[in-house]
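The values are calculated or read from the model by the stated rules, or taken from the named source; none is laboratory data. In this text, all values refer to a predicted model and were calculated from it rather than measured experimentally. Cβ sites come from the backbone with ideal geometry, for glycine too, and all protein chains shown count toward neighbours.
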Amino acid sequence: MFSNDKTLILVAIMVGVVALAGIVAFTGQGNVRHVPIFWQERVEQTVAFEDVDGKVQLQGISGIGGEPNPHLITRTSFAYVLTVINNGDTHHRLYIEGLNVQTDLLEPGQQETLTIYPEKEGVYEYFDKRQYFEHLGFLEVRTVVHGDEFTGIWRDLI
């Protein structure tokens, strides 16, 4: 009789562990929440062109400090979403050299969102590209966590 109680308790514990694993797997796939638990990371920033005393500058609005012509920073292998607003008096176009990414020619009051997937580290210059290039600042792409340092299950979690 004592042996049957032990077996029943072990079976109950095993059923509980399997049920818990099933619940975690079901909810982890986003079946309960409105978004999956594991979503792709993205860096979002907003900048605006401004014409100040006859000079063009890019002003950080969201995701970066408010200084003129900010040093933009993002990560490799993650989506970089950059919203560019033209708060200036003339047309402007943001061009990032090396990544060969640019906005359309923005009229005053217009905005455009760029989505960039940088693959390698580097420091890239950004310009106001109209009739000529006017250097404004730098976009730096960094590798924050190097995936080769991890193996097994840890590499899959990155």
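Remarks
- Every condition in (1) touching a residue at least 12 places away in the same chain (Cβ under 8 Å); (2) in a strand (DSSP E or B) holds for His135 except the one numbered (1).
- All positions within region 106-128 that are crowded, with 18+ Cβ neighbours inside 10 Å and over 17 Å from Val43 (Cβ atoms): Leu106, Phe127, Asp128
- Selected residue [at pLDDT below 90, assigned by TED's automatic domain parsing to the domain that holds Glu119 and either more than 17 Å from the chain's Cα centre (by Cα) or surrounded by 15 or more Cβ atoms within 10 Å (Cβ to Cβ) (or both)] from Thr90, Thr76, Thr103, Thr83: Thr76
- Tabulated pairs, region 65-86, first over 24 Å from Lys120 (Cβ atoms), second in a loop (DSSP other than H, G, I, E, B), C-beta under 6 angstrom, 6+ apart or interchain: Asn86/Pro108; Asn86/Gln110
- Checking Gly60 against (1) farther than 18 Å from Ile116 by Cβ; (2) in contact with a strand residue (DSSP E or B) (Cβ under 8 Å, 6 or more places away or on another chain); (3) not charged (D, E, K, R), the condition it does not meet: (1)
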